[in-house]
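Visitor: So that we are looking at the same thing, I have put the structure below in structure tokens.
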Amino acid sequence: MFSQLTRVAALSILGLSSFSALANTNSSPSFSVGMAVDQQLSMVVQIDDKFNIIIGNEGAALDYFLKRGSLSDQHPIDWYVGVGAWGEWDDDFGVRVPLGAEWSFYDNWDTYAQIQPELNMHKGWELGIGAAIGVKYQF
């Protein structure tokens, strides 16, 4: 019971701080929506190229991108590094560091792949590694 409350509280605090940061921006945010394999089959929403919200069959995650860059001026491939939190529906929860690449392959469409070192904090501290792949459409 306590671990579920801790997980919900951690994800809520991270989510609220993320959305309060969005509220302080002067321009209207851009949105991307898509499907991914992250928390098993998942829906992903990206806001302002800064936040990923993932809700899937296995759990949920929220990532904030700290740094983005381009791999090449000739190719539409970008890289990113972020921090985030995740929680599974069966009580596991923790933090992660998504490291990935994004490819814009058609107007308003992009795909991404990432690996994420993870720290599982349920019943002790356990290091792991996860991965995700997905496709999104930007509105």
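The values are calculated or read from the model by the stated rules, or taken from the named source; none is laboratory data. What you see is a predicted model; the values in this text were computed from it and never measured. Please note: Cβ atoms are built from the backbone with ideal geometry, for glycine as well, and neighbour counts cover all protein chains shown. When the accessible area is computed, the model is the full protein with side chains, heavy atoms only, and any ligands, DNA or RNA have been set aside. Shrake-Rupley method; radii C 1.70, N 1.55, O 1.52, S 1.80 Å.
Visitor: Given a 1.4 Å probe and heavy atoms of the protein chains only, how would you sort 112, 106, largest accessible area at the top?
Guide: Listed by decreasing accessible area, they come as 106, 112.
Visitor: What does the accessible area of residue 133 come to, in Å² to the nearest 10, when a probe of 1.4 Å is used?
Guide: The accessible area of residue 133 comes to roughly 100 Å².
Visitor: What aspartates and glutamates does residue 67 reach when the alpha-carbon gap must be under 20 Å and sequence neighbours fewer than 8 apart in one chain are set aside?
Guide: Leaving aside aspartates and glutamates fewer than 8 places away in the same chain, those within reach of residue 67 are 48, 49, 78, 102, 110, 118.
Visitor: I've got another one for you. What is the gain in length, in nm to one decimal, between residue 66 and residue 115 on full extension, counting 0.36 nm per residue of separation less the C-alpha to C-alpha distance?
Guide: Working it through step by step, the gained length comes to 16.1 nm.
Visitor: Hey, another quick one. Note down the nm distance, to one decimal, between modelled labels 7 Å out along Cα→Cβ at residue 75 and at residue 35.
Guide: Rounded to a tenth, the inter-label distance reads 2.7 nm.
Visitor: Percent of accessible area on the range 36-139 owned by carbon and sulfur, 1.4 Å probe?
Guide: 61 percent
Visitor: Multiplying the sequence separation of residue 137 and residue 103 by 0.36 nm and subtracting their Cα-Cα distance, what value in nm do you get?
Guide: 11.0 nm
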